[in-house]
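In what follows, a single structure is set out as structure tokens and then discussed.
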Amino acid sequence: MNATAIHPIRTEEDYRAALARIREIFHASDDSPEADELEVLTILVHDHERRTISIDPSDPVEEIRFTMDRLNLRPRDQSRTWGPAPEWPRSLVLVGR
């Protein structure tokens, strides 16, 4: 895909070509034809992704649990983030109450 072939993204092939071209011209100098092309392509890709990719909203408690698991944290470790408090309010949050 090049500047003369910019068109709406209708297929997966169009989408992949647009992403490949964005990678090629990502560091284009300001005020260059490539910078203008980059701006148009990113708008097209953003619009395509908004229309075709569905991301369900996440549960905040699940996000906390996921992050804690990833960082190998225990509920007790949350006192550094949430401040000193009795243990039971943190436990209630983590069980979804």
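The values are calculated or read from the model by the stated rules, or taken from the named source; none is laboratory data. Everything numeric in this text was worked out from a predicted model, so none of it was measured. Please note: Cβ atoms are built from the backbone with ideal geometry, for glycine as well, and neighbour counts cover all protein chains shown.
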Flagged in the range 26-46 as under 21 Å from the mean Cα position of the chain (by Cα) and surrounded by 10 or more Cβ atoms within 10 Å (Cβ to Cβ), in numbering order, are Phe26, Leu38, Glu39, Val40, Leu41, Thr42, Ile43, Leu44, Val45, His46
Arg50 fails exactly one of the following numbered conditions: (1) exposed (fewer than 10 other Cβ atoms within 10 Å of the Cβ); (2) at pLDDT below 90. What is the number of that condition? (2)
Exactly one of these conditions fails for Ile64: (1) surrounded by 14 or more Cβ atoms within 10 Å (Cβ to Cβ); (2) in the same structural domain as Pro8 (by TED's automatic domain parsing); (3) more than 15 Å from His7 (Cα to Cα). Give me its number. (2)
Does the range 52-59 contain at least one residue that is in a helix (DSSP H, G or I) and polar (S, T, N, Q)? yes
Taking interchain pairs and intrachain pairs at least six residues apart, which have beta carbon atoms under 9 angstrom, with the first residue in the range 36-49 and closer than 18 Å to Glu12 by Cα and the second exposed (fewer than 12 other Cβ atoms within 10 Å of the Cβ)? Leu44/His7; Leu44/Pro8; Asp47/Pro8; His48/Pro8; His48/Arg10
Would you pick out the residues in the range 67-97 that are at pLDDT 80 or above, surrounded by 10 or more Cβ atoms within 10 Å (Cβ to Cβ) and in a helix (DSSP H, G or I)? Thr67, Met68
